[in-house]
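Down below is the structure, laid out as structure tokens.
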Amino acid sequence: MSENPNRPLAALQTLVRSQFFWGIVAILVLLLLNVIRDPGYLGVRVNPNTGNLSGNVIDILRAAAPILMIAVGMVLVIATSGIDLSVGSVMAVSGAVSMELLRALNGPNSVGVTIVTVLAALAVSTLLGLLNGVLVAYVGLQPFITTLVMMLAGRGLAKVITNGQNTTGKSESFSWIANGTVVGLPVIFLLAVIVVVLVALIVRRTALGLMIESIGINPQASRLAGIRPNGLLLTVYGASGLLAGIAGIFVTANTMTVDVTRTGNQMELDAILAVVIGGTSLAGGKFAIGGAAVGALLIATLDKTVVFLGVPASATPAFKATVIVVLCLLQSQRVRALFRRRRAQIQAQPDSVTAVSTEAEGVVR
Amino acid sequence: MTASAFTSPPVVEVKNVSITFPGVKALDTVSFRLFQGEVHTLMGENGAGKSTLIKALTGVYKIDSGAIIVAGQERNFSGTAAAQEAGISTVYQEVNLCTNLTIGENVMLGHEVRGPFGINWRRTHAAAKVALDKLGLGHLDPRAPLNSISLAMQQLVAISRAMVTKSKVLILDEPTSSLDAQEVENLFRVMRRLRDEGVAILFVSHFLDQVYAISDRLTVLRNGQLVGEYMTRDLDRSELIAKMIGKDLDALKSLGSNRAAYHRPPEAAPLLTVRGLSRKGSIDSTDLDLHHGEVVGFAGLLGSGRTELARLLYGADRADVGDLTLDGKPLHLTSASAGLANRIAFSTENRRDEGIIGDLTVRENMILAVQAKRGWFRPLSRKEQDAIVSKYMAELNVRPADPERPIRTLSGGNQQKVLLGRWLATDPKLLILDEPTRGIDVGAKAEIQERVAQLAGEGVSVVFISSELEEVVRLSERIFVLKDHRLIATIDNGADVTADTIVGIIAAEEHAA
């Protein structure tokens with residue numbers, strides 16, 4: 001534990017208590033494991049011709065981009081005490097629309113084609129998200145059921161769009177989204193960071209975040225305070241669809257192929273895990289976009305580490321589960337209280353009672 | 001210490017207990033004794049430490065120093081279950097039962113009678129019947145669903161549930177705050193019966209009349225410290241109040257007899273006219289006028305339709321039919337936000353479920369309605385927020401004066417003040433206050449009442465709802481009496497109007513019907 005009880009630094013304590021602290025620790029531990037295996041793991045090489053950076057860390061950032069997108073959408077939905085199980089399927093739809101359009105418009109060197117394609121894919125994804133929103137907000141269906149249905153329907157829709165084929169598209173500029181670099185860094189990661197910051201600004205610089213939290217904590221009281229929850233829910237599910245659409249573009253642009261059965265498959269679970277690791281309760285209410293971003297980075301690191309350490313493919317899910325369970329235990333208030341009590345006993349001196357802060361303070365807000 | 005009539009050792013003894021929260025000493029070396037076969041009332045303002053003491057007794061909070069001795073043994077409860085095992089049961093203000101289970105299932109929950117094939121429901125319900133009988137509730141059918149009986153009856157069911165565990169100590173935390181006079185009498189009958197059987201009852205209530213009617217002894221707390229332990233008969237009311245608030249009775253003058261006399265509204269058109277407003281199951285067709293700058297009281301028993309009518313006037317519920325005119329313009333209240341947009345504000349009686357947003361801070365709770373009115377894309381700047389918050393925190397004397405604290409950590413009275421601030425910040429023309437003074441201490445009550453009178457002086461039309469008829473009579477210029485979902489009378493307040501007048505009207509109707 002990095003906390004030094006003899007010199008209590010207020011800043012460090014806030015960091016340690018913040019919900020996603022252990023997420024950061026876990027990322028560092030995983031990187032350390034990799035370094036033990038190969039001391040050169042963290043090395044970043046500069047390609048002398050192009051100035052591009054390459055290395056394992058860059059790969060992790062690349063892999064994190066789509067998870068970042070859906071995790072940020074998911075954190076907003078979960079804050080309203082809902083859930084969006086359809087993000088993985090929406091990714092597939094977005095990918096399918098992109099690849100079919102690229103093939104149909106057939107302009108491998110045209111930037112215009114790429115722009116049209118991206119806009120169309122995002123529009124379809126947003127529409128699916130809004131449909132979720134309408135069903136949840138206006139029809140009053142349960143979010144779990146609504147988005148479960150959309151998860152199945154979306155996968156089906158993707159297959160219909162491509163006639164069940166794994167369509168391949170050709171476009172320089174579309175591929176650049178996932179494979180290009182700007183000042184040496186991957187475009188895909190830079191885009192992801194921009195989107196996350198943009199969402200965080202929109203949510204926290206307007207009253208959107210406050211109202212989302214409010215309806216997530218106490219919908220009845222929020223309604224009586226004059227908040228209209230329907231519009232908010234529609235916005236949030238729409239945003240989740242849009243962000244899943246971006247993630248779908250990221251994933252398909254990487255290989256320029258949509259695999260209708262595997263693109264985005266089970267990605268909703270990664271997103272939910274990222275949100276939980278980031279310290280947002282599944283019960284809704286207070287949320288941390290920064291935390292969800294840390295969670296997404298951790299999942300990407302974990303995925304890469306599993307491969308790098310050569311964990312057998314059959315044991316990968318178990319390895320992943322173990323890491324996440326340990327992390328959730330470290331974050332649980334009860335386990336923390338247990339640690340604190342043990343420590344107090346060892347010190348055998350009455351430590352002043354510290355309040356268990358249930359809010360993730362110091363989060364982007 | 002004047003209590004010396006109790007010779008046997010106390011069932012519960014709290015010795016010099018302290019509990020510290022960050023920044024607050026919630027209990028400061030407090031001692032307290034509870035004897036077998038007495039009703040002992042814990043008195044104090046909001047934040048005096050009553051709830052903290054109860055939570056220490058029931059194992060919710062850990063004590064920092066001191067000792068809790070139960071039946072001669074020093075105990076350190078790890079939680080409510082441990083406290084229950086030691087014979088201490090608690091019934092809280094908000095009934096903690098499962099409304100979708102039957103009465104019998106609720107009574108026996110966790111103590112079901114088991115046979116060779118799992119739970120024997122027939123015998124379980126029979127045992128529930130016995131437990132209910134003991135409290136004189138034999139008329140209740142243990143197989144009926146809990147939500148088929150009134151809230152007051154549910155409270156009594158909660159008590160019989162507590163007694164199933166053969167508790168020696170029963171803690172009743174503000175059990176009467178939502179009961180009417182008859183229901184309170186029922187509760188007191190049950191309490192006396194238990195006391196005579198030797199149960200020690202710890203009672204918390206803000207209603208002085210009730211305290212004097214039921215308790216044998218009193219312990220007064222103030223700011224986390226013990227003021228003293230008294231025999232109820234040795235301490236008169238004004239002395240008690242002075243001990244609770246720690247100052248002379250001057251502060252209570254405003255609670256005195258400066259009753260609002262009715263002055264006929266000027267010829268100006270009414271602020272709100274209501275014609276034929278009704279909603280099935282809540283209120284029958286109602287006509288009424290509300291004028292600028294007057295306080296109108298809605299009086300009636302629980303369930304009379306007073307809350308239901310108030311909700312329709314705000315838009316919290318939608319009316320089936322009815323024409324509303326606000327300042328001469330037709331008004332359509334389709335939702336709460338429509339009420340808010342028309343400068344109507346409604347403070348709910350159900351603070352916990354419909355009022356506060358528990359995890360949000362005091363600041364966020366206070367600005368919420370103003371922000372909702374503006375829409376999310378036009379956020380209040382931090383400066384505007386701070387201006388609103390500091391204004392109302394000072395005006396309403398919210399304690400602790402820390403706007404960044406989650407509101408759920410505040411005492412009930414202070415939560416109420418924050419909510420009042422939330423509505424005042426929207427600059428309402430019509431302010432509807434449903435039980436704004438329920439479950440809060442004398443000082444805060446006086447502050448809220450003063451504020452209501454002041455608002456009317458500023459031209460705001462205030463609807464004031466309270467189950468304390470004296471309070472309604474004291475504050476209101478006109479009183480609308482409701483009964484059985486109907487508006488049955490409108491009284492112009494005056495020197496000859498008292499709480500008894502209203503009770504008379506409600507009772508008279510009873511005979512006619």
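For (1) within 14 Å of another protein chain (Cβ to nearest Cβ); (2) closer than 30 Å to B:Val184 by Cα; (3) within 26 Å of the chain's Cα centre (by Cα), each residue gets a yes or a no:
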site	(1), (2), (3)
B:Ala269	no, no, no
B:Asp289	no, no, no
B:Gly297	no, yes, yes
B:Val321	no, no, no
B:Leu333	yes, no, no
B:Asp353	yes, yes, yes
B:Ile357	yes, no, yes
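Within the range B:450-468, how many residues are of a type in the set (S, T, N, Q), in contact (Cβ under 8 Å) with a residue 40 or more places away in the chain and loosely packed, with under 15 Cβ neighbours inside 10 Å?
Of the residues in the range B:450-468, 0 are of a type in the set (S, T, N, Q), in contact (Cβ under 8 Å) with a residue 40 or more places away in the chain and loosely packed, with under 15 Cβ neighbours inside 10 Å.
Could we say that A:Arg155 is within 10 Å of another protein chain (Cβ to nearest Cβ) and not small (Gly, Ala, Ser) here?
no
So, A:Arg228, is that one at the interface with chain B (Cβ under 9 Å from one of its Cβ atoms), out of contact with any strand residue (DSSP E or B) (no Cβ under 9 Å at 6 or more places or on another chain), surrounded by fewer than 24 Cβ atoms within 10 Å (Cβ to Cβ) and free of Cβ contacts under 8 Å to residues at least 24 places away in the same chain or not?
Spelling it out, A:Arg228 is indeed at the interface with chain B (Cβ under 9 Å from one of its Cβ atoms), out of contact with any strand residue (DSSP E or B) (no Cβ under 9 Å at 6 or more places or on another chain), surrounded by fewer than 24 Cβ atoms within 10 Å (Cβ to Cβ) and free of Cβ contacts under 8 Å to residues at least 24 places away in the same chain.
Looking at the range B:426-448 only, could you name the residues that are in contact with a strand residue (DSSP E or B) (Cβ under 9 Å, 6 or more places away or on another chain), of a type outside the set (A, V, I, L, M) and closer than 19 Å to B:Arg351 by Cα?
B:Thr426, B:Asp434, B:Glu435, B:Pro436
Do you know which residues across the range B:372-426 are over 19 Å from the mean Cα position of the chain (by Cα), more than 14 Å from every other protein chain (Cβ to nearest Cβ) and among the basic types (Lys, Arg)?
Result: B:Lys383, B:Lys391.
Of all residues in the range A:255-275, which are among the aliphatic types (A, V, I, L, M), touching a helix residue (DSSP H, G or I) at 6+ places or on another chain (Cβ under 7 Å) and over 18 Å from A:Asn166 (Cβ atoms)?
Correct list: A:Ala271, A:Ile272, A:Leu273, A:Ala274, A:Val275.
Those residues that are at pLDDT 90 or above and closer than 30 Å to B:Phe21 by Cβ, I need them from the range B:226-257; list them, please.
B:Leu226, B:Val227, B:Gly228, B:Glu229, B:Tyr230
Going through the range B:458-492 one residue at a time, which ones are at pLDDT 85 or above, among the small types (Gly, Ala, Ser) and within 22 Å of B:Trp423 (Cβ to Cβ)?
The answer is B:Gly459, B:Ser461, B:Ser466, B:Ser476.
Cβ-Cβ below 9 Å, separation at least six or inter-chain, first residue in the range A:274-303 and crowded, with 23+ Cβ neighbours inside 10 Å, second of a type in the set (Ser, Thr, Tyr) and part of a helix (DSSP H, G or I): which pairs?
A:Gly285/A:Ser214
Here is a list: A:Thr167, A:Thr146. Which entry is more than 14 Å from chain B (Cβ to nearest Cβ), out of contact with any Lys or Arg (no Cβ under 7 Å at 6 or more places or on another chain), crowded, with 18+ Cβ neighbours inside 10 Å and of a type in the set (Ser, Thr, Tyr)?
Exactly one of A:Thr167, A:Thr146 is more than 14 Å from chain B (Cβ to nearest Cβ), out of contact with any Lys or Arg (no Cβ under 7 Å at 6 or more places or on another chain), crowded, with 18+ Cβ neighbours inside 10 Å and of a type in the set (Ser, Thr, Tyr), namely A:Thr146.
Could you check, for the range A:86-99, whether at least one of its residues is touching a residue at least 60 places away in the same chain (Cβ under 8 Å) and either touching a Cys at 6+ places or on another chain (Cβ under 8 Å) or not in a helix (DSSP H, G or I) (or both)?
Checked the range A:86-99: at least one residue is touching a residue at least 60 places away in the same chain (Cβ under 8 Å) and either touching a Cys at 6+ places or on another chain (Cβ under 8 Å) or not in a helix (DSSP H, G or I) (or both).
Would you confirm whether or not the range B:54-75 contains a residue that is surrounded by 23 or more Cβ atoms within 10 Å (Cβ to Cβ) and under 30 Å from B:Ser238 (Cα atoms)?
yes
Pull out all pairs, ordered by first then second residue, where Cβ-Cβ is under 6 Å, the residues are six or more apart or on different chains, the first lies in the range B:494-510 and is farther than 11 Å from B:Lys483 by Cα, and the second is in a loop (DSSP other than H, G, I, E, B) and at pLDDT below 75.
B:Gly494/B:Tyr262
With respect to A:Ser89, is the statement that it is under 24 Å from A:Met211 (Cβ atoms), polar (S, T, N, Q) and touching a helix residue (DSSP H, G or I) at 6+ places or on another chain (Cβ under 6 Å) true?
No, not satisfied.
Before we move on, is A:Ile202 without any contact (Cβ under 8 Å) to a residue 24 or more places away in the chain, assigned to a loop (DSSP other than H, G, I, E, B) and within 12 Å of another protein chain (Cβ to nearest Cβ)?
Answer is no for this residue.
Determine whether the range B:469-480 contains at least one residue that is more than 20 Å from the chain's Cα centre (by Cα), in the same structural domain as B:His291 (by TED's automatic domain parsing), among the aliphatic types (A, V, I, L, M) and surrounded by 15 or more Cβ atoms within 10 Å (Cβ to Cβ).
Yes; the residues of the range B:469-480 include at least one that is more than 20 Å from the chain's Cα centre (by Cα), in the same structural domain as B:His291 (by TED's automatic domain parsing), among the aliphatic types (A, V, I, L, M) and surrounded by 15 or more Cβ atoms within 10 Å (Cβ to Cβ).
Being of a type in the set (Val, Ile, Thr) and buried (at least 17 other Cβ atoms within 10 Å of the Cβ) is the filter here, so list the residues in the range A:170-207 that pass it.
Scanning the range A:170-207 gives A:Ile177, A:Thr181, A:Val187, A:Ile188, A:Val195, A:Val196, A:Val199, A:Val203.
Since B:Glu349 meets every condition but one in (1) closer than 25 Å to A:Lys286 by Cα; (2) touching an Asp or Glu at 6+ places or on another chain (Cβ under 8 Å); (3) assigned to a loop (DSSP other than H, G, I, E, B), which condition does it not meet?
Tallying (1) closer than 25 Å to A:Lys286 by Cα; (2) touching an Asp or Glu at 6+ places or on another chain (Cβ under 8 Å); (3) assigned to a loop (DSSP other than H, G, I, E, B), B:Glu349 fails exactly one: (1).
Can you pull out every residue in the range B:432-467 that is out of contact with any Pro (no Cβ under 9 Å at 6 or more places or on another chain), of a type in the set (Gly, Ala, Ser) and not in a helix (DSSP H, G or I)?
Result: B:Gly439, B:Gly459, B:Ser467.
Name the pairs: first residue in the range B:296-313 and not assigned by TED's automatic domain parsing to the domain that holds B:Val184 and charged (D, E, K, R), second residue at pLDDT below 85 and not in a strand (DSSP E or B), Cβ to Cβ under 8 Å, at least 6 apart or on different chains?
B:Arg306/B:Gly300; B:Glu308/B:Ser282; B:Glu308/B:His485; B:Arg311/B:Ser282
Among the candidates B:Arg405, B:Arg399, single out the residue that is modelled with pLDDT under 90, of a type in the set (Lys, Arg) and within 23 Å of B:Lys445 (Cβ to Cβ).
Result of the check over B:Arg405, B:Arg399: B:Arg399.
Of the conditions (1) facing chain A (nearest Cβ under 9 Å); (2) touching a residue at least 40 places away in the same chain (Cβ under 8 Å); (3) outside any helix (DSSP H, G or I), B:Asn365 clears all except one; give me its number.
(3)
The values are calculated or read from the model by the stated rules, or taken from the named source; none is laboratory data. For clarity, every value in this text was computed on a predicted model and none was experimentally measured. FYI the Cβ positions are ideal-geometry reconstructions off the backbone, even for glycines, and counts take in every protein chain you see.
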